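Q: Dumping the structure here so I can ask a few things about it.
The values are calculated or read from the model by the stated rules, or taken from the named source; none is laboratory data. Note that the coordinates shown come from a computational prediction; the quantities given were computed from them, not determined experimentally. In this analysis, Cβ positions are derived from the backbone assuming ideal geometry, glycine residues included, and neighbour counts consider all displayed protein chains.
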Amino acid sequence: MAALACTLLSAAIIRADPSNHLLADALGNDLKDKLSLAAYVLTLVAPFTGQSGTVISGLLMVAVALMWLISDHRIEWALERADQKPLG
């Protein structure tokens, strides 16, 4: 649910102010969110395949949790680059 909320929120913010390209540039293709959503969908479907699907589902949940432990500094870096650009 958090991955879906994050994806929808960032898309809504970008659509709300298209002239502000800073967030869109910082997020880029947003691979981490897309991988999380795909993994969550698989975790919902995998248990229906049997006992091995349940194990796969658990491993996917752990993988997503570990993936999000790595900090994502894209927005912070984009803001720092924008501050360093000379005005006018």
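Q: Of all residues in the stretch 50-78 being among the β-branched types (Val, Ile, Thr) and surrounded by 11 or more Cβ atoms within 10 Å (Cβ to Cβ), which is modelled with the lowest pLDDT? Working first, answer last.
A: Keep residues of the stretch 50-78 that are among the β-branched types (Val, Ile, Thr), which gives 54-56, 62, 64, 70, 75.
Keeping just the survivors that are surrounded by 11 or more Cβ atoms within 10 Å (Cβ to Cβ) gives 54-56, 64, 75.
Details: 54: 94, 55: 94, 56: 94, 64: 90, 75: 76.
Top of the filtered list is 75.
A quick yes/no check of all residues on (1) exposed (fewer than 14 other Cβ atoms within 10 Å of the Cβ); (2) among the polar types (S, T, N, Q); (3) within 11 Å of the chain's Cα centre (by Cα):
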position	(1), (2), (3)
3	no, no, yes
10	no, yes, yes
26	no, no, no
48	yes, no, no
80	yes, no, no
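Q: Can I ask one more? So is residue 33 in a helix (DSSP H, G or I), among the acidic types (Asp, Glu) and exposed (fewer than 10 other Cβ atoms within 10 Å of the Cβ) or not?
A: Details: in a helix (DSSP H, G or I): yes; among the acidic types (Asp, Glu): yes; exposed (fewer than 10 other Cβ atoms within 10 Å of the Cβ): no.
So residue 33 fails the test.
Q: Here's another thing I want to ask about it. I need the full set of residues from the stretch 1-39 which are free of Cβ contacts under 8 Å to residues at least 24 places away in the same chain and either touching a Phe, Trp or Tyr at 6+ places or on another chain (Cβ under 6 Å) or of a type in the set (Val, Ile, Thr) (or both), in order please.
A: Correct list: 13, 14.
Q: For residue 19, only one of the following conditions fails: (1) in a helix (DSSP H, G or I); (2) surrounded by fewer than 14 Cβ atoms within 10 Å (Cβ to Cβ). What is its number?
A: (1)
Q: Then there's this: For the stretch 64-73, check the following and say yes or no: at least one residue is part of a helix (DSSP H, G or I), under 18 Å from the mean Cα position of the chain (by Cα) and acidic (Asp, Glu).
A: Just the residues of the stretch 64-73 that are part of a helix (DSSP H, G or I), to begin with: 64-69.
From the residues that got through so far, the ones that are under 18 Å from the mean Cα position of the chain (by Cα) too are 64-69.
Subsequent filtering for residues that are acidic (Asp, Glu) retains none.
No, the stretch 64-73 contains no residue that is part of a helix (DSSP H, G or I), under 18 Å from the mean Cα position of the chain (by Cα) and acidic (Asp, Glu).
Q: Turning to a different aspect of this structure: Hey, among the residues in the stretch 10-38 that are within 19 Å of residue 71 (Cβ to Cβ) and basic (Lys, Arg), which one's modelled with the lowest pLDDT?
A: The qualifying residue modelled with the lowest pLDDT is 32.
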